[in-house]
Amino acid sequence: MLLESIKRGDTVLEAKGITKRFPGVLANDQINFEIKAGEIHAILGENGAGKTTLMNILFGLYQPDEGEIYLYGEKVNFKSPLDAIEHGIGMVHQNRKLIPAHSVIENIILGHPRAGNVLNLKRAGKEITELCDKYGFKIDLKAKVWQLSEGEKQVVEILKALYRGAKILILDEPTSALAPPETKRLLESIQIMTNDELAIVPFITHKLPIVLEVSERVTVLRRGKVTARLETKDTTEKSLAREMVGREVIFRMERVEVEKGKPILQVENLSALNDKGVLALKGVSFSVHEGEIFGIAGVSGNGQQVLAEVLAGLRDAEGGTLLFDDINILHNSSLERWLKGIGYIPSERVDVGSIGDFSLVENVAMNYYFDKKYAKGGVVDYKKIRKLTEEMIAEYDIAAPSPDTTAKSLSGGNLQKLILARVLSRKPRLLIANLPTQGLDVGASEFVQNKLMEAKKERAGILLISEDLDEVLSLSDRVAPMYEGKFMGIIPGGEARREVVGAMMAGLKPKVDEI
C-alpha cells in the first residue's frame, strides 16, 4: 500500500499475536491491535496491564517474542527506535526525554539526521514554527527547557516527533502531569493532527473523561490480554472502568468521619523560594489536626510542590514557623522529621521516591536503615527487611515477581503502592501526600485513597496535595485552594462547592454567600 494512497479510515498499523515475556512476567499475551488513519485510538488498562510494553514494541524499543507488525500492509521488523522513526512512527514517553539546560529548539533537533555536523538553527526554527502554526502550538523556541511548564515540555516532545516526520504518533500518558488548561490546549492540538489524515494518535491514558471526549475507539488490556474493543460512543466511564479492573469501581469516595484531635502541625507565615530563586510560597498559615485530611487544591506551579518540600525538610524556608507537636522543626533535617513521625509521599515517584536500579528490598531498606529493629551498628538486617518487603507486596497487592525485582521494572501504579507501603508501614503521625494518585488507573487510585482513609482512622493527620479537584473534595475535611503561593481561603470539606473552589484555584475571591 502506497503512503500517498492512504485515506481516513484505512488501517495503517497492525499488530498480530504480539507476545512479550520478561522474567516472571507475561507482559503481552497474543495481542491483536490496529490503528486507522485519522483516528484517536485510546489504549486503556490498569498499571502493569501491558499498554506501554505494547507501544514500546511498536516503536522498536522491544522486540516481540512472538507476533508480527504490519505497516501500510507490509510486514516490518523494527530492530530499534531509529527503524520506527525512519518509517514515520514517533513516540512521546510518559517520562520526559529532554535536556533541561538546552533550549527548546536544541532539544527538538538534537540527534536529527538533517541537523548534520553544522547546525542551521535558522532553517530549523522556520520549519518548527511552521509545525507550531499548523497544529496550534505556542512555544518559545529560545527558552531553556528547565524554564517551561509541564504542558510546554509535552509540546516540545510532540514537536520533536513531528519534526522527525512522524505520521503515527504514540502518546503515553500525555496529560498525566498537566494542569486543566494545558490539557485542554493539548487535546485541541491533537484533534487538529487527526484532521491531517496521516497524523494517527494511539493514546494511552488513565483519565476516562478524556478518553470519552477525544477518542473514537478504545482497546482495553488486562493482565497482558485484550479484554475489550469498543466504539467510544457506545460506552461510559463506569463500563470502561469495569472492563479495566474486572469489577465495579468507586469513583467518588465517601468522606470518613473521625473525631478530630489536637493540631499536630501548625504553620505560620511560611515563605520559600523555588528553583529559580523566585518567591513561590508567600506567607502561608494553616494547621493539620490528628484524624484530619487537610486538602490543598491547585493548578500545578502555584507553590504546592515548594510547600511539600519545605514541610518534608527537602527545601529551606525563607521565613516562618513550623511546629510539629508544638516544637519548631523548621531547621530539622528530613531524617529528623522521619524519626519524629512525619511521612512523605513525593510527587516524583521515579526521581525522588525510589531508586530504579535498586531491588524492592533495598528500596524498603531506605526507610528502615536507621531503625534499631532492622539495623544494628550501621549494618542492615536484610533478612528482616526482605520479610517486611514480602509482607508489603502481599498487603498492598504489588505486582512483582519477587522482592528482588528492581523498582524500575514496576509499573507506575505498583511503584506508588510500594512507596505508600514503605511510608505507611512506619505509622506516621503526620503524612504529607503530594499527588499520590497522579498517573494511576482508577483501580490503583481507589486503593491509594482507601489507604489514606485508613491512616486517617488511625488518627494520623494527613496533608493531601492534589490537582484532581474531585479527589480533594471527596476526601478532605478542610479544603485550601492555592493560587500563586497563597491560600485563597480555607473551607470546611462538607461546604466546599466544586465551582467555588475551582474559581478560587484560578485566583478569584468568592462572595461571602458562595462559601
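Each reported figure results from applying straightforward, stated rules to the coordinates on display, with no laboratory input. Every value quoted in this text rests on a predicted model; they were computed, and no experiment measured them. Don't worry about glycine lacking a Cβ; one is built from the backbone with ideal geometry, like all the others, and counts go over all protein chains shown.
Per-structure values
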{"read-out": "Region 374-390 - phi-based ³J(HN,Hα) in whole Hz, Karplus 6.51/-1.76/1.60, Gly and Pro as x", "value": "10, 8, 9, x, x, 10, 7, 7, 5, 5, 5, 5, 4, 4, 4, 4, 4"}
{"read-out": "Protection-proxy order for peptides 366-378, 231-243, each taking the mean of Cβ atoms within 10 Å per residue, highest first", "value": "231-243, 366-378"}
{"read-out": "Proximal lysines relative to Lys509, as straight alpha-carbon distance under 21 Å, when same-chain residues fewer than 8 apart are discounted", "value": "Lys282, Lys486"}
{"read-out": "Asp470-Glu391 pseudo-label distance in nm [points 7 Å out on the Cα-to-Cβ vector]", "value": "3.6"}
{"read-out": "Residues with amide H under 5 Å from that of Leu273, placed H, sequence gap 5 or more", "value": "Ala280, Glu318"}
{"read-out": "Hypothetical label at Asn95: residues of region 440-470 whose amide nitrogen lies under 17 Å (7 Å Cα-Cβ projection)", "value": "440"}
{"read-out": "Integer Hz, Karplus 6.51/-1.76/1.60 couplings in order for region 339-344, x for Gly and Pro", "value": "5, 7, x, 9, x, 9"}
{"read-out": "Dipole axis of the chain (+1 Lys, Arg; -1 Asp, Glu on Cβ), positive-most option in Ile31, Gly224, Asn332", "value": "Asn332"}
{"read-out": "Relative contact order of the chain, defined on C-alpha pairs under 8 angstrom at six or more residues apart (%)", "value": "15"}
{"read-out": "Calculated FRET value between Lys276 and Lys75, using beta carbons and R₀ = 41 Å, to 0.05", "value": "0.20"}
{"read-out": "Positive-end residue of Asn450, Gly277, Gly489, charge dipole of the chain with Cβ unit charges", "value": "Gly277"}
{"read-out": "Cβ-based charge dipole, the chain, positive-most Cα from Leu98, Thr11, Ala42", "value": "Leu98"}
{"read-out": "Of Lys417/Lys457; Lys16/Lys417; Lys7/Lys233, those spanning more than 24 Å from alpha-carbon to alpha-carbon", "value": "Lys16/Lys417"}
{"read-out": "Table column - 3J(HN,Hα) (Hz), region 143-152, Karplus curve with 6.51, -1.76, 1.60, x for Gly and Pro", "value": "5, 6, 4, 5, 8, 8, 6, 4, x, 5"}
{"read-out": "Among (1) 393; (2) 226; (3) 163, the entry derived from the coordinates for volume of the Cα convex hull per residue in Å³", "value": "(3)"}
{"read-out": "Sequence-separation-based contact order of region 263-514, relative, with Cα cut under 8 Å and 6+ spacing, percent", "value": "27"}
